[in-house]
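Let me begin by presenting the structure, written as structure tokens, before commenting on it.
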There are 2 protein chains.
Amino acid sequence: MLSTSLVAQACAEKFLAAKVSGRRLAIATTEQKDAALTAMAELLRARSEDIVRANARDCDVGAQSGLSAGLQDRLRLDAARVESLAEAVLAIRALPDPVGQVVRGSTLPNGIRIVQTRVPFGVVGSIYEARPNVTIDIAALALKSGNSVILRGGSAAEQTNAVLVALVRDALVGVGLPAGAVQSVDEFGRAGAQELMRAREYVDVLVPRGSARLIRAVVADSTVPVLETGAGVVHIYVEATADVPMAVEIVVNAKVQRPSVCNAVETVLVDAAVAATFLPVLGERLTALSVDIRGCDITRSFLPGAGIATDDDWATEYGDLIVAVRVVAGLDAAMQHIERYSTGHTESIITRDIARSERFLAEVDSAVVMVNASTRFTDGGEFGFGAEVGISTQKLHARGPMGLPELTSTKWIVRGNGQVRPG
Amino acid sequence: MLSTSLVAQACAEKFLAAKVSGRRLAIATTEQKDAALTAMAELLRARSEDIVRANARDCDVGAQSGLSAGLQDRLRLDAARVESLAEAVLAIRALPDPVGQVVRGSTLPNGIRIVQTRVPFGVVGSIYEARPNVTIDIAALALKSGNSVILRGGSAAEQTNAVLVALVRDALVGVGLPAGAVQSVDEFGRAGAQELMRAREYVDVLVPRGSARLIRAVVADSTVPVLETGAGVVHIYVEATADVPMAVEIVVNAKVQRPSVCNAVETVLVDAAVAATFLPVLGERLTALSVDIRGCDITRSFLPGAGIATDDDWATEYGDLIVAVRVVAGLDAAMQHIERYSTGHTESIITRDIARSERFLAEVDSAVVMVNASTRFTDGGEFGFGAEVGISTQKLHARGPMGLPELTSTKWIVRGNGQVRPG
């Protein structure tokens, strides 16, 4: 184990290399970056066996050290999964290059032309868990958007990540771009993550990917600006005038279609006026789909089989086939509950009343607010952005599903012919 | 003096009031917000004498405690300056309301309509120096953009600010908006500033206004996201092919027209090929305008009267009639100097060579890059934004001159009619 100051020094060298390489990447053409992405996909295919072998070693260590079955599954790469990684890289290659896009511009009265143009941030850091697919995903997204990237993956995937990082660097070098644009601090363990979170001088933005706990820890410890993603205590409010069959279908879809993701519903708020007609139907459908219901007292009077919801349930992102249900007295009570417990990700109202719908959409302060739609639509792919950089739950810079442009900053380009300011 | 925990408690109460009031302001109509701004302007005029009287007390204390003449001038309000404050408020009222503006939107293949809409952040904090005009300016900008505001002004302006904050609250109440939307923590001194910088739970964004030192301190200490503004070690590079008279006019304008502001030039980089023709003319003009020149050795061989520039000079924002001058070997050397010393605010190249101009514009990583124009044009007013929220030198959220839209976030509004995700 290196001493703290040696880790700091070794990290600073990597960070500087990333920064310097980032300047080169920032002026790379789309053609060059796309060639690097093609090379990445080809190397993933060519080295599939090496990757699977390194991953098997990680998986063995994980199994011996008691990694849960779910985490082992996320960690595992087989030939088919490596092929999907290659396909994901090619999908990112196919997206429009955000760098150089003109956001707005004008000609000033004195003839000066100003244009606000998208430019890369420079260096993007990412801290994530033992999911090797994130290594490739973030590296490809960063490369397409002209950014260097510094990676810190979960230690359980260390051998897999080492092979993948070497592969990405080879892809860069193969097309004449600097290997330094992709760095990993995995070898330094937690100390590397700490250095990355404090590297304001080198790192422009940090993207944590993974559990709510990981993201909270990064937000709390990082002095580098963070793009906060993902945590979703998501609500659906079934309003008094809701079309009951529609409400049932939407809640079932939002809970069951993919319960592990952040846009799955966690709490259903049911207007008291519709509880008697809605809850029994919902209860039957969810129970048949093996969903565990945890209700307030009134909910349980309609669904005697439901468990008891506590205050903790209202604040929990289950990520599983569990749903909390609370009967509320009306729109204001529903919005108060949401204000208190929501993580500001997505909330949907099911209603036929336009005035209440409009109030909900205007007053609920979340990244995405919906009427009569499943919360599962909060997704970069569904929104037509192509790539999945994550879903921002913060208000600065990006909010809601993020596409490639959210990995860029802008700069103003000003062209004159000798103008000076009078006065 | 209150104990730390009592200050924390008193601040938390104010912050909560700001947050709750912010929810009300977020749904206020443009008409209501404009009426509040009209009331602010009217109250400034009606209470001009009270304001000037409170300010005179602050000025007396400042004079006794040895406040510098410059700071005393910035602190002082007379009837004419109060009238300009009222006019500034009316100018902000006249700007378009950013809230509710549609950024982009589309109809998804399944018929769901998505619209990204501007919404207020919620609560904007501001930490600034003893310039009472900032109190009114920030309060008016926050109000127009639907945000609550928590103010921490310099202690030297405490009595003036107390009168101004009371006035803004009266203006809000007069039109039926909550007084809680405007809070001040001036009464708690430094402890109040500390609380404000740590109030992640309540405050969405913090805008420091003032000296580079103040801004650095806020960036270092704040856990609330900061919109970093202003510090400008601004460069002009006079390239080998520059039109010499144009270069002289631009440098003189950028240094002399208003030396105290952040977009004034601080360092002039002169290509060695043009030094012999350019420097003597520049030296004569600047000396005639009482500008103190600090040069590198080569510069001083052309301008024997110039002082010696040290490494510190290259990194200094003089904000005064002082300029550092360095002769460089060419474009790459100029860009290396800029990369090392620039604060990323504004840099301008003076040239007739299109290839070098394009390289400079593409490769220099600053908020604003210019060719053949005075750096003094980096300004919200000049760019046509109306209001002057500040000039961001960070890359996240906003970069360069910020207008009212930069005081907003966005949210996605999604309208369906029962859509669920298949699969």
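The values are calculated or read from the model by the stated rules, or taken from the named source; none is laboratory data. For clarity, every value in this text was computed on a predicted model and none was experimentally measured. For neighbour counting, all protein chains shown are included, and Cβ atoms are generated from backbone atoms with ideal geometry for every residue, glycine included. Areas reflect the complete protein model, heavy atoms only, side chains present, ligands, DNA and RNA absent. Shrake-Rupley method; radii C 1.70, N 1.55, O 1.52, S 1.80 Å.
The table below gives the values:
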| item | result |
| --- | --- |
| With eigenvalues of the C-alpha gyration tensor scaled by 5 and rooted, region A:164-217, Å | 25, 13, 11 |
| Angle between chain A longest axis and helix A:244-256 axis [Cα atoms, degrees, rounded to 10] | 40 degrees |
| 12 Å beta-carbon shell around B:Val291, net charge (K/R +1, D/E -1) | -1 |
| Volume in Å³ per residue [convex hull over Cα atoms, computed for region B:196-337] | 115 Å³ |
| In order through region B:3-13: 3J(HN,Hα) via Karplus (6.51 cos²θ - 1.76 cosθ + 1.60), integer Hz, x for Gly, Pro | 6, 4, 5, 5, 4, 4, 5, 5, 5, 4, 5 |
| Radius of gyration and Dmax over the Cα atoms of region B:104-217, both given in Å | 17.0, 60 |
| For region B:315-322, 3J(HN,Hα) per residue [Karplus equation, 6.51 cos²θ - 1.76 cosθ + 1.60, θ = phi - 60°, Hz, x = Gly/Pro] | 9, 9, 8, 5, x, 7, 7, 9 |
| Reach of B:Lys33 by Cα under 13 Å, taken over aspartates and glutamates that are not fewer than 8 positions away in the same chain | B:Asp97 |
| Peptides A:230-242, B:284-296 ordered by average Cβ neighbours within 10 Å, highest first | A:230-242, B:284-296 |
| Rounded to the nearest 20 debye, dipole of region B:172-253 from Cβ charges on Lys, Arg, Asp, Glu | 280 debye |
| R0 of 41 Å, Cβ-Cβ distance B:Thr38-A:Asp320: FRET efficiency to nearest 0.05 | 0.15 |
| Choice from B:Thr29, B:Thr229, B:Thr135 with maximal GNM fluctuation in chain B (Cα, 10 Å cutoff) | B:Thr29 |
| Pair B:Asp60, A:Ala56: separation of 7 Å Cα→Cβ label points (nm) | 8.8 nm |
| Other-chain or far-sequence residues with amide H under 5 Å of B:Val328's (modelled H) | B:Val270, B:Asp271, B:Ala272 |
| Sequence-separation-based contact order of region B:234-377, relative, with Cα cut under 8 Å and 6+ spacing, percent | 33 percent |
| Around A:Val163: net Lys/Arg minus Asp/Glu count, Cβ-Cβ under 9 Å | +1 |
| Dipole-positive endmost among B:Ala130, B:Val371, B:Ala220 within the protein assembly as shown (Cβ charges, Cα centre) | B:Val371 |
| Length-normalised contact order for chain B - Cα pairs under 8 Å, 6+ apart - percent | 17 percent |
| Between 0 and 90°, nearest 10: helix A:79-93 axis offset from chain A longest Cα axis | 80 degrees |
| For A:Gly176, inter-copy label distances in nm, listed shortest first [label point 7 Å out on the Cα-Cβ vector] | 6.7 |
| Estimated distance in nm for a label pair at A:Arg340 and B:Ile298, the labels positioned 7 Å out from Cα along Cα-to-Cβ | 7.0 nm |
| Within the accessible area of region B:200-336 (1.4 Å probe), percent carbon and sulfur | 52 percent |
| Percent accessible area from carbon and sulfur atoms, region B:1-79, protein chains only, probe 1.4 Å | 56 percent |
| Percent antiparallel among DSSP beta bridges (both partners in the protein assembly as shown, rounded to 5) | 30 percent |
| Residues whose placed amide H lies under 5 Å from that of A:Ser348, excluding near-sequence neighbours | A:His235, A:Ile236, A:Tyr237, A:Met370 |
| Residue-averaged beta-carbon neighbours from other chains (10 angstrom radius) around A:100-108 | 1 |
| Cα-centred dipole magnitude for the protein assembly as shown, charges only on beta-carbon of K, R (+1) and D, E (-1), debye, nearest 20 | 520 debye |
| Entries in A:Lys255/B:Lys411; A:Lys395/B:Lys19; B:Lys255/B:Lys395; A:Lys395/B:Lys395; A:Lys411/B:Lys255; A:Lys395/B:Lys144 that, when Cα-Cα distance is taken, lie over 20 Å | A:Lys255/B:Lys411; B:Lys255/B:Lys395; A:Lys411/B:Lys255 |
| Amide proton proximity set for A:Val265, modelled H, under 5 Å, gap of 5+ | A:Lys255 |
| Label distances, nm, B:Leu16 versus same residue in remaining copies, Cβ-directed 7 Å point | 5.0 |
| Sparse-neighbour loop sites [chymotrypsin sites (Phe, Trp or Tyr not before Pro); region B:369-423; at most 12 other C-beta within 10 Å; DSSP] | none |
| Heavy-atom SASA rank of B:Val420, A:Val123 (probe 1.4 Å, accessible area, largest first) | B:Val420, A:Val123 |
| FRET efficiency for B:Val261 and A:Ala288, using Cβ-Cβ distance with R0 set to 56 Å, rounded to 0.05 | 0.25 |
| Most mobile listed residue (B:Thr277, B:Thr267, B:Thr316) in chain B, GNM with C-alpha springs under 10 Å | B:Thr277 |
| Averaged over A:250-256, number of beta-carbon atoms from partner chains that fall within 10 Å | 2 |
| Per-residue HN-Hα couplings for region B:352-368 [Karplus 6.51, -1.76, 1.60; θ = phi - 60°; Hz; x = Gly/Pro] | 10, 9, 5, 5, 5, 4, 5, 5, 4, 5, 7, 9, 6, 9, 10, 4, 9 |
| For chain A, built as a Gaussian network whose Cα springs stay under 10 Å, the top-fluctuating residue of A:Gln101, A:Gln159, A:Gln394 | A:Gln101 |
| Label geometry 7 Å along the beta-carbon vector: A:Ser84 inter-copy distances in nm | 6.4 |
| Computed helical MRE - 222 nm, chain A, DSSP H runs ≥ 4 contributing -39500 (n - 2.57), nearest 500 | -14000 deg cm²/dmol |
| Debye log10 I(q)/I(0) for the protein assembly as shown, one point scatterer per Cα, at q = 0.04, 0.07, 0.11 Å⁻¹ | -0.19, -0.60, -1.37 |
| Residue closest to axis [chain A; rotation mapping onto B; Cβ; Å] | A:His397, 2 |
| Rounded to 5, percent antiparallel among DSSP beta bridges of chain B | 30 percent |
| Chain A: angle of helix A:132-144 to the longest principal axis, Cα-based, in degrees nearest 10 | 60 degrees |
| Buried accessible area, chains A and B (both chains, 1.4 Å probe, Å² to nearest 100) | 5700 Å² |
| Value of Rg/Rh across chain A [Cα atoms, Kirkwood radius] | 1.03 |
